[in-house]
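Asks: Okay, here's the structure, questions in a sec.
The values are calculated or read from the model by the stated rules, or taken from the named source; none is laboratory data. What you are looking at is a predicted structure, and each value in this text was computed from that prediction instead of being measured. Counting neighbours? That spans all protein chains shown, and the Cβs are built from the backbone with ideal geometry, glycine included.
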2 protein chains.
Amino acid sequence: MTVTKGDECRCRILEAARKLFYQKGFSATSINDVAEEAGVLKGNLSYYYPSKSELLESATAAREAEVQAMIAEWSALEGSLFEIMDQVLSSFEADADNIVAYGCDIGTLTNELGKGDGELQRQPRQIFELIQTWLTERFATRFSKAVAREHAEHLLVMTQGAAVLAHAYRDPKLLQRQCKLIRTWLREVCE
Amino acid sequence: MTVTKGDECRCRILEAARKLFYQKGFSATSINDVAEEAGVLKGNLSYYYPSKSELLESATAAREAEVQAMIAEWSALEGSLFEIMDQVLSSFEADADNIVAYGCDIGTLTNELGKGDGELQRQPRQIFELIQTWLTERFATRFSKAVAREHAEHLLVMTQGAAVLAHAYRDPKLLQRQCKLIRTWLREVCE
DNA sequence: GTCTATAAGAAGATAGAC
DNA sequence: GTCTATCTTCTTATAGAC
């Protein structure tokens, strides 16, 4: 028996925290909210995650692991540079419903935590860096390091901006329109 | 005597709230924080702003008024379409220090409030709409309504994205680089 | 490992003296 | 208009029974 009852409970709490931190924001979510969502009692939650910030760390680490897995899939993609970037953009668009309803999870978390002391912001920022590093490496197969960096940064900027506005207006069409423009830009750049 | 002591106090509270809601976020700011920052007592604050959400409404309305004043200045700008947009972008860049430290005020507020019931988000979203409407009208002096709308939206998207990333990395250079790219885009589009 | 109980403090909001 | 005092609720966190 590799998965104990404790592991299962710990996992439920973590998933509840991830969901609520994303959908309500970190400050606006109480550990009581998390306990209710997970179906455990507050005291029990504290056994697994003694403090709210540790719960945040674990939630962010879980998201980082997901992103790393996604990046691994991207690395296995085949085709031209444009075709690969096109598919990467598609994996962003696939999350449109959530983005419209709650914003980009990494972007909104970075925004919220960035208002604090700055230390809490480090972890979500690393997720951005993971993605940007991968994008830069890919662009570098075609361009100089400097140009590759610029392209990667600009691609990230456009997707984040599209997420902010789509969430502000709660408009999935906006996200589609902007992704179309990003594709046009990608095509110009890659060809 | 047009400015009573009460007005002055009300104003101090409002400015304190605006500062803290921006720098710490709405949820993370207590009305006690606001009272301390304004140098008034909590009970006195409640006399002027009975609830936290009313304080938020007033703070957002004050920001909206500022934006409207800024737009009025933009409307007085002279020169080619590119030159005007170039100056508009400059007024965004002028706030670089704050954007790097705390993000775009409208963007981060919209993000945070958008996680809630959606009703609170309406007010800051209107500020985006104000700006976008003005941009669209300007672009419409040269392009069809549909194209003008697209350009306005894309310009807003790129500035918001640049703000998110610059704040995430706390990097003023990133903002500069992206504004340069936006200018290149503006030049291509306008000429 | 699980749950109850509760501490200790901060939150938003209010009543009423001056 | 200003300030003190207080109420209630919610928050995080902990102690300890089972």
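Asks: If you go through segment A:29-71 one residue at a time, how many are near DNA strand D (Cβ under 8 Å from one of its atoms) and within 14 Å of chain B (Cβ to nearest Cβ)?
Replies: Number satisfying all stated conditions: 5.
Asks: Pull out all pairs, ordered by first then second residue, where Cβ-Cβ is under 6 Å, the residues are six or more apart or on different chains, the first lies in segment B:92-114 and is free of Cβ contacts under 8 Å to residues at least 12 places away in the same chain, and the second is not aromatic (Phe, Trp, Tyr).
Replies: B:111/A:103; B:111/A:108; B:111/A:111; B:114/A:167; B:114/B:121
Asks: Same structure again: Considering (1) more than 8 Å from every other protein chain (Cβ to nearest Cβ); (2) more than 18 Å from residue B:190 (Cβ to Cβ), say which one residue B:125 fails and leave the rest.
Replies: Here residue B:125 meets the rest and fails (1).
Asks: Does residue A:135 meet the test of being over 30 Å from residue B:25 (Cα atoms), among the hydrophobic types (A, V, I, L, M, F, W, C) and within 14 Å of chain B (Cβ to nearest Cβ)?
Replies: Spelling it out, residue A:135 is indeed over 30 Å from residue B:25 (Cα atoms), among the hydrophobic types (A, V, I, L, M, F, W, C) and within 14 Å of chain B (Cβ to nearest Cβ).
Asks: Out of all the residues in segment A:34-55, which are part of a loop (DSSP other than H, G, I, E, B) and touching a residue at least 24 places away in the same chain (Cβ under 8 Å)?
Replies: Answer for segment A:34-55, where residues must be part of a loop (DSSP other than H, G, I, E, B) and touching a residue at least 24 places away in the same chain (Cβ under 8 Å): A:39, A:40, A:49.
Asks: Moving on. Is it the case, given these coordinates, that residue A:136 is assigned to a helix (DSSP H, G or I), among the hydroxyl-bearing types (Ser, Thr, Tyr), out of contact with any Leu (no Cβ under 9 Å at 6 or more places or on another chain) and in contact (Cβ under 8 Å) with a residue 60 or more places away in the chain?
Replies: Here the answer is no, as residue A:136 does not meet what is asked.
Asks: Scan segment B:61-84 and give yes if some residue there is buried (at least 18 other Cβ atoms within 10 Å of the Cβ) and within 16 Å of DNA strand C (Cβ to nearest atom), otherwise no.
Replies: no
Asks: Quick check on segment B:34-60: of everything there that is among the polar types (S, T, N, Q) and within 12 Å of DNA strand C (Cβ to nearest atom), which residue is farthest from residue B:121 (Cα to Cα)?
Replies: Applying the first criterion (among the polar types (S, T, N, Q)) to segment B:34-60 yields B:44, B:46, B:51, B:53, B:58, B:60.
The next check asks that each one be within 12 Å of DNA strand C (Cβ to nearest atom); those that pass are B:44, B:46, B:51, B:53.
Numbers: B:44: 27, B:46: 23, B:51: 17, B:53: 12 Å.
The qualifying residue farthest from residue B:121 (Cα to Cα) is B:44.
Asks: Going residue by residue through segment B:144-163, is there one that turns out to be touching a Leu at 6+ places or on another chain (Cβ under 9 Å), away from chain A (no Cβ under 12 Å), assigned to a helix (DSSP H, G or I) and of a type in the set (D, E, K, R)?
Replies: Taking every residue of segment B:144-163 in turn, none turns out to be touching a Leu at 6+ places or on another chain (Cβ under 9 Å), away from chain A (no Cβ under 12 Å), assigned to a helix (DSSP H, G or I) and of a type in the set (D, E, K, R).
Asks: Looking at the structure I just gave you, is residue A:184 free of Cβ contacts under 8 Å to residues at least 12 places away in the same chain, out of contact with any strand residue (DSSP E or B) (no Cβ under 6 Å at 6 or more places or on another chain) and over 26 Å from residue A:102 (Cβ atoms)?
Replies: Criteria met by residue A:184.
Asks: Would you mind finding the one in B:175, B:186, B:130 that is assigned to a helix (DSSP H, G or I), at pLDDT 95 or above and within 12 Å of chain A (Cβ to nearest Cβ)?
Replies: The conditions single out B:175.
Asks: Can you name the residue in segment A:18-33 that is outside any loop (DSSP other than H, G, I, E, B) and either under 16 Å from residue A:101 (Cα atoms) or among the acidic types (Asp, Glu) (or both) and, of all such residues, is farthest from DNA strand C (Cβ to nearest atom)?
Replies: By that ranking, first place goes to A:22.
Asks: Test residue A:152 against the criterion of being over 12 Å from the mean Cα position of the chain (by Cα), within 24 Å of residue B:108 (Cα to Cα) and buried (at least 16 other Cβ atoms within 10 Å of the Cβ), and give yes or no.
Replies: Working: over 12 Å from the mean Cα position of the chain (by Cα): yes; within 24 Å of residue B:108 (Cα to Cα): yes; buried (at least 16 other Cβ atoms within 10 Å of the Cβ): yes.
When the stated conditions are applied, residue A:152 passes them.
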